[in-house]
Amino acid sequence: MARPKVLIIENDDVTRTQLEWALKDEFTLLPAGDATTAHAIARAEHPPLVLLDLGLPPHPNDPEGGLRWLQDFRKEGGTGKVIVCTGYGDRQYAIRAVGYGAYDFLSKPVDLDLLRLIMQRAGWIAELEEERRALA
């Protein structure tokens with residue numbers, strides 16, 4: 001069985017590298033440090049899983065960039081399960097992210113065991129949905 005592709009959208013190089021190191025044995029990783037690169041990878045690779053930080057350049061201290069990326073991803077037909085991992089742990093951002101189609105929302109610092117569990121569950125659901133689309 002092929003390892004699921006995961007688009008990691010994280011503007012902080014250190015955090016992105018840590019996530020890559022922690023997940024490299026279980027997933028095929030597609031790292032991106034900004035929204036433009038992330039959209040290009042999403043269009044080319046159609047990843048079933050996306051880890052999204054809300055603070056993206058050019059305004060990494062504003063969660064609106066990540067929320068906008070999520071909205072655009074859905075408008076373009078992206079079907080991947082988006083797991084928001086962000087330092088913006090306010091409930092309002094979690095509610096908005098889920099309203100825009102996020103699968104789950106985790107506050108940083110992320111518990112890696114919990115993240116892996118959520119990613120496995122999201123991967124199974126994404127796989128079932130893809131099978132359903134293929135059969136339809």
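The values are calculated or read from the model by the stated rules, or taken from the named source; none is laboratory data. On a predicted model such as this, the values are computed, not experimentally measured, just so you know. When we count neighbours, we look across all protein chains shown, and the Cβ atoms used for this are built from the backbone with ideal geometry, even at glycine. In case anyone asks, the SASA skips ligands and DNA or RNA and just uses the protein heavy atoms, side chains included. Shrake-Rupley method; radii C 1.70, N 1.55, O 1.52, S 1.80 Å.
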Hey, what did the range 1-48 get for relative contact order, percent, Cα under 8 Å, at least 6 apart?
48 percent
Taking loop as defined by DSSP and a crowding limit of 12 other beta carbons within 10 Å, which trypsin sites (Lys or Arg not before Pro) in the range 1-107 fit?
Lys24
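What shape does the range 27-93 take by its C-alpha gyration tensor, where a ≥ b ≥ c are the square roots of the eigenvalues and a/c under 1.5 counts as rounded, a/b above b/c as prolate, and the rest as oblate?
Prolate is the answer for the range 27-93, as a/c is 1.5 or above and a/b outweighs b/c.
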About the Cα centre, charge dipole magnitude for the chain (Lys/Arg +1, Asp/Glu -1 at Cβ), debye
360 debye
Sequence neighbours fewer than 8 away in the same chain don't count; with that in mind, list the aspartates and glutamates whose C-alpha is under 17 Å from Lys75.
Glu45, Glu64
Across the chain, where is the longest run that never hits GluC sites (Glu not before Pro) in a DSSP loop with at most 16 other C-beta atoms within 10 Å?
77-136
Give the relative contact order (percent, whole number) for the chain; include only Cα pairs under 8 Å separated by 6+ residues.
21 percent
Apportionment of accessible area to carbon and sulfur, the range 4-136, percent (1.4 Å)
54 percent
Does the chain classify as rounded, prolate or oblate by the C-alpha gyration tensor (a ≥ b ≥ c root eigenvalues; a/c under 1.5 gives rounded; else a/b over b/c gives prolate, otherwise oblate)?
rounded
Nearest 500 deg cm²/dmol is fine: what mean residue ellipticity at 222 nm does the chain get from its DSSP H runs of n ≥ 4 alone, each adding -39,500 (n - 2.57), divided by its residue count?
-15500 deg cm²/dmol
